[in-house]
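Beneath this line is the structure, given in structure tokens, with notes to follow.
The values are calculated or read from the model by the stated rules, or taken from the named source; none is laboratory data. Values in this document were obtained by computation on a predicted structure and should not be read as measured data. Glycine gets a Cβ as well: all are built from the backbone with ideal geometry, and neighbour counts include every protein chain shown. The accessibility values were calculated without ligands, DNA or RNA, using every heavy atom of the protein model including side chains. Shrake-Rupley method; radii C 1.70, N 1.55, O 1.52, S 1.80 Å.
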Amino acid sequence: MTEQTAATKRTVPFGKIAWTVLVAILGIVFLLPFLWMVSTSFKLEADVFNYPIEWIPSTWNAVQNYTDVWNGQYPFAHYYWNTIKVTLATTAISVCVSSMAAYGFSVIRFRGRGVLFMVVLATYMVPAQAILVPQFVLYRWLGLFDSHFGLVLLGSFSVFGTFMLRQFFLGLHPEYLESAKLDGAGHIRTFVSIALPLVKPAVATYAILRFIWTWNDYQNPLIFLRSDGLYTLQLAMRKFADMYTQHYALIMAGTVSAIVPLLVIFVVGQKQVIEGISFGGVKG
Amino acid sequence: MSQISRTGAGIPLSAAPRRSRQRLKETLYGYLFIGPMFLGVFVFTVLPILAVIALSITDWSFIAGLDKIKWNGLDNFERLFRDPIFLKSLQNNFYLLVTIPVTMILSLLLAIVLNKHVFLKDLFKVVFFMPYISSIVAVAIVYQVLFHPSYGPVNQALISLGVGNPPKWLADTHYALISVMMIQVWVSIGFYLIIYLAGLQNIPKDLYESADIDGANAWHKFRSITVPLLSPTSFFLLVTGVIYSFRIFDLIAVLTAGGPAGSTSVIVYYLYDSAFNNLKTGYASSMAVVLLILTLAITGLQWLAQKKWVNYQ
């Protein structure tokens, strides 16, 4: 036994290669739905359901499909723009609100802090769907229904963001903040020029997660938007699939278009995403 | 503690007003910083919680004015527990819980293999995480086509493999929920995997080394080191899994809309359907209250269970 392990250590790690091949096969099978989606989006409609599956299209129709999706009756370009607007605004506001609250709940000592923090934290438990009805009624009264502003507002007060950033502020060495205080800096200056830069990686992590969650959000746009012109990508994709029921190549070109930007962001910000997820970041 | 208060009492009187002014300033800054967040949470979450409880004992539709509100006590709840679609939805919610242990086991095995035994670990992490990061709407639309009863690739493959009468998947009342569950496992495996990989990093290597010296085999090490030391991770996944499985909405809304014949309906979907398609605001609110109570109960159970079988180091 020991002889054998010593021998394999010196030569090629066959075991590791075998596992890698096995996991690679598993990975490809796992991604088949995505591969099918991409390959279908390049096909002629008539070839979509050919069997055996043509993973590489026999006739390419990619340009036509994607042009139809981006400039057709439901122009994705327009919905992209809506989604980018809503997502960027939500992310920016949410990061500001959450980091401020996180600073307040960790660095500043004031009466009632503990109780208020518990109230905020307790709401994290509440399923969004449980309060959908009163939120909807409230939105109609306040005139926030069917507007991008209202949609942005809904995503701007994140308990998860506050909780996560608070943990990072608590982890800061108190001396940094104390010395700022001795220099006569008020809380606003300490927050902006000392505390926030120190937790920049955590802010980036939260910002990326919030971006992805908002980009992918279907439920809020579904309930709080009505006009076609205001639709986000997720709603538009659904609408598109309902309108073009028999145009599978087009539908797949639409879904590919909706997924690709997120994949790019994920690959670029992989480290942050995984860190945030490991922190317990389930959408919230 | 007592020492602090004694020194506090020892401060000369003249310093007291300055100290309290300082404290007032701190308090004002505190409210300034948490203000936006607290206001947002209060208006968009706390008030709606109170409102939904009030609405749950009414017979009302939001398109009628507030003056049309009729209080009807616990009638909604009585109706709810005689409503076959609601009971079916509740039952489906409990069936969906099965996906959690399945996903946990699959992703734990995958995490162990990825952790030690493969090259390109980071690439594989991205591969298995892809469904989780992708939009559920896109994923659901793709699966709708893949599982299409007559010309979907899944059934074409099954037929060519000699399966005479393949199931109609999402269109079949007996298979629709199973199909949803399979897709749910596929979507969430990446999340579980990432968490398990992080958990595996925290197990001290020397434990395995000393087990090696004792001549323990792989199964033994798995049973007596990996599993117990991962129990906080597993517990976290179980709890978040249970809580979030009651919130699965997007997948069901896009994939099946609760159909066919209510076979994939869940509480949150039925709630949405009642509130926004059938305009029964009061009735939907009573479902929301049931959902809130269920969430509370799960959280309570979590506290109890945590003490019992989680092995924190």
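Taking 7 Å steps out from each Cα toward its Cβ at B:Leu28 and A:Met118 produces label points 2.9 nm apart. For segment B:70-132 and segment B:247-313, write down the distance between their C-alpha centroids in whole Å. Segment B:70-132 and segment B:247-313 have Cα centres spaced 11 Å from each other.
Take the Cα of B:Leu106, step 7 Å toward its Cβ, do the same at A:Ala62, and the gap between the two points is 3.0 nm. Annotation: amide H of A:Lys43 within the under-5 Å range of A:Asn61, sequence separation 5 or more or interchain, hydrogens built in the peptide plane.
Give the residue list of chymotrypsin sites (Phe, Trp or Tyr not before Pro) in segment A:208-271 that are DSSP loop and have at most 14 other beta-carbon atoms within 10 angstrom.
On the way: sites: A:Phe211, A:Trp213, A:Trp215, A:Tyr218, A:Phe224, A:Tyr231, A:Phe240, A:Tyr244, A:Tyr248, A:Phe266; in loops: A:Tyr218, A:Tyr231, A:Tyr244.
Taking segment A:208-271 and a limit of 14 other Cβ atoms within 10 Å, no loop chymotrypsin sites (Phe, Trp or Tyr not before Pro) are found.
Compactness of chain B was expressed as the Cα radius of gyration divided by 2.2 N^0.38 Å, which yields 1.36. Subtracting the Cα-Cα distance of B:Phe81 and B:Gln306 from 0.36 nm times their residue separation leaves 77.9 nm of extension gain.
For peptide B:20-31, the mean count of partner chain Cβ atoms within 10 Å of a residue's Cβ comes to 4. Backbone geometry of segment A:183-194 corresponds, through the Karplus equation with coefficients 6.51, -1.76 and 1.60 at θ = phi - 60°, to 3J(HN,Hα) couplings of 6, x, 6, x, 5, 5, 5, 4, 5, 6, 9, 10 Hz, x marking Gly and Pro. Loop-located trypsin sites (Lys or Arg not before Pro) in segment A:1-107 (DSSP state not H, G, I, E or B) with no more than 16 neighbouring Cβ atoms inside 10 Å do not occur. All C-alpha pair distances within segment B:13-76, sorted into 10 Å bins from zero, spread as 18, 25, 19, 15, 14, 8, 2 percent across the bins.
Per residue, the protein assembly as shown exposes 48 Å² of accessible surface when a 1.4 Å probe is rolled over the protein heavy atoms with every protein chain present. Chain B and chain A together bury an accessible surface of about 8100 square angstrom, both sides counted, with a 1.4 Å probe and no ligands or nucleic acids included. These residues, B:Ser56, A:Ser147, go from largest to smallest accessible area, 1.4 Å probe, as A:Ser147, B:Ser56.
Normalised by the number of residues in chain B, the mean separation of alpha-carbon contacts (under 8 Å, six or more apart) gives a relative contact order of 28 percent.
Near the amide H of B:Thr58, within less than 5 Å, lie the amide hydrogens of B:Asn72, all on another chain or at least 5 residues away, with H placed in the peptide plane. For segment A:265-275, the Karplus equation 6.51 cos²θ - 1.76 cosθ + 1.60, evaluated at θ = phi - 60°, returns couplings of 4, 5, 5, 5, x, 3, 4, 5, 4, 5, 4 Hz by residue, with Gly and Pro reported as x.
Computed extension gain for B:Asn165 through B:Phe119, at 0.36 nm per residue and net of the alpha carbon distance, reaches 12.4 nm. Projecting the Cα atoms of B:His117, B:Val254, A:Gly27 onto the charge dipole of the protein assembly as shown (Cβ charges, centred on the Cα centre) puts B:His117 farthest toward the positive pole. Scaled against the 2.2 N^0.38 Å expected of a compact globular protein of N residues, the Cα radius of gyration of the protein assembly as shown reads 1.08. Distance between the 7 Å Cα→Cβ label points at B:Lys221 and A:Glu54: 5.0 nm.
For segment A:212-250 versus segment B:170-235, the inter-centroid distance based on Cα atoms is 35 Å. Counting only other chain Cβ atoms within 10 Å of each residue's Cβ, the peptide A:208-220 averages 3. The contact residues of segment B:197-217, meaning those that lose at least 10 Å² of 1.4 Å-probe accessible area when all protein chains sit together rather than their chain alone, are B:Ala198. For chain A, a Gaussian network of Cα nodes joined below 10 Å ranks A:Val256, A:Val137, A:Val86 by mean-square fluctuation, and the top entry is A:Val137. So, R0 is 51 Å and r is the distance between the beta-carbons of A:Ala77 and B:Asn202; what FRET efficiency does that work out to, to 0.05? Calculated transfer efficiency: 0.65. For segment B:109-120, backbone phi angles converted through the Karplus equation (6.51, -1.76, 1.60; θ = phi - 60°) give residue-by-residue couplings of 4, 4, 5, 5, 5, 5, 5, 10, 9, 10, 7, 6 Hz, Gly and Pro being listed as x.
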